Amino acid sequence: MSRVYVFDHPLIQHKLTHIRDKNTGTKEFRELVEEVAMLMAYEITRDLPLEEVEIETPVAPAKAKVLAGKKLGLIPILRAGLGMVDGILRLIPAAKVGHIGLYRDPDTLQPVEYYVKLPTDIAERDLIVIDPMLATGGSAAAALAALKKRGARNLKLMCLIAAPEGIARVQEEHPDVDIYAAAVDERLNEKGYIVPGLGDAGDRLFGTK
Ligand code: PRP
Ligand code: URA
């Protein structure tokens, strides 16, 4: 069974409140999503392996630690996942980025795949699938399946807001994938929106409607 980690850091919670607020406009929404993604990346990379190197400070030789060069990959689910990429890349600039285009059919709520472009070596990378919203879980489950079909093995799922239904679906279909979220909300409404949620993440990020 995959684990669910909820990041309760005060800065993340404070920024998430402004993201949820319907009076927050596109520019600020975009900036806040990027900032929260960066803070979440700080937490999610907590277990990255380190190795020791020898350096010289201005004062003395020293043994010190650097990242052990683990290969990482970010996989935003289009569109809304794009809003989180730059924030994460600010902390891990060497990560490669693959894209999975999926939209949720508004009537059936089923994910429709329209684009997949991935780094060639995804099987060797630790991959973080990124999407602000985990609602029914259909999009995330389909993205994870698309990645596994192409050889991905080490996967994490990072979202801003998760619904219990989406968590249950990912845990059922992808028990090997841990879920990282800034909040777990109450439920879905009859249109499959997360309650209270933040509304339509793609529309709020890109100013469409
Ligand atoms: C949103 C969101 C997720 C999906 C979540 O995307 O960014 O990808 O819905 O819903 P689910 O868990 O029920 O699948 P949307 O389908 O609105 O596409 P967009 O990002 O292109 O607007
Ligand atoms: N997709 C969104 O953008 N928001 C929701 O609440 C559910 C799915």
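If I model a spin label as a point 7 Å beyond the Cα along the Cα-Cβ vector, how far apart are those points for residue 123 and residue 63 in nm?
Going by the 7 Å Cα→Cβ label model, 3.6 nm.
Percent of accessible area on the chain owned by carbon and sulfur, 1.4 Å probe?
Accessible surface attributable to carbon and sulfur in the chain totals 53 percent.
Expressed as a whole number of Å, what is the distance separating the alpha-carbon centroids of segment 147-206 and segment 50-87?
Between the Cα centres of segment 50-87 and segment 147-206 lies a distance of 26 Å.
In terms of Cα to Cα distance under 13 Å, which aspartates and glutamates are near enough to residue 148, apart from those fewer than 8 places away along the same chain?
121, 124, 126, 173, 176
7 Å from Cα along Cα→Cβ at both residue 4 and residue 107: what's the point-to-point distance in nm?
Those two pseudo-labels are separated by 3.2 nm.
Might you report the magnitude of the Cβ-based charge dipole of the chain about its Cα centre, with Lys and Arg at +1 and Asp and Glu at -1, to the nearest 20 debye?
360 debye
Greater than 32 Å separation of Cα atoms is the criterion. Which listed pairs, 15/209; 156/209; 70/149; 27/70; 22/65, meet it?
From 15/209; 156/209; 70/149; 27/70; 22/65, over 32 Å: 27/70; 22/65.
Return the whole-Å distance between the Cα centroid of segment 3-36 and the Cα centroid of segment 106-127.
First find each Cα centre; the distance between them is then 24 Å.
Packing-wise, with mean Cβ within 10 Å as the measure, how do 73-83, 20-30 rank, highest first?
Per-residue mean Cβ counts within 10 Å order the peptides as 73-83, 20-30.
With a cut-off of 12 Å, note down the residues of segment 162-196 whose backbone N falls inside the zone around a label point 7 Å from the Cα of residue 145 toward its beta carbon.
Flagged as within label range: 170, 173-174.
Given a 1.4 angstrom probe, what's the average accessible area per residue across the chain, in square angstrom? Display every interim value, and only then the final one.
Working: 11000 Å² over 209 residues.
Using a 1.4 Å probe on heavy atoms only, each residue of the chain averages 53 Å².
Which of 144, 80, 4 sits closest to the plus end of the dipole of segment 1-160, meaning its Cα is farthest towards the positive end, when Lys and Arg get +1 and Asp and Glu get -1 on the C-beta?
Looking along the dipole axis, the top candidate is 144.
Using 0.36 nm times the number of residues separating residue 86 and residue 153, minus their current alpha carbon distance, what extension gain do you get?
Extending this stretch completely gives an extra 21.7 nm.
By how many nm would the segment from residue 55 to residue 203 grow when fully extended, if each residue of separation counts as 0.36 nm and the alpha-carbon distance is taken off?
This chain segment gains 48.4 nm when fully extended.
The values are calculated or read from the model by the stated rules, or taken from the named source; none is laboratory data. For clarity, every value in this text was computed on a predicted model and none was experimentally measured. Glycine gets a Cβ as well: all are built from the backbone with ideal geometry, and neighbour counts include every protein chain shown. For the accessible areas, the whole protein counts, side chains as well, though only heavy atoms, and no ligand, DNA or RNA atoms are used. Shrake-Rupley method; radii C 1.70, N 1.55, O 1.52, S 1.80 Å.
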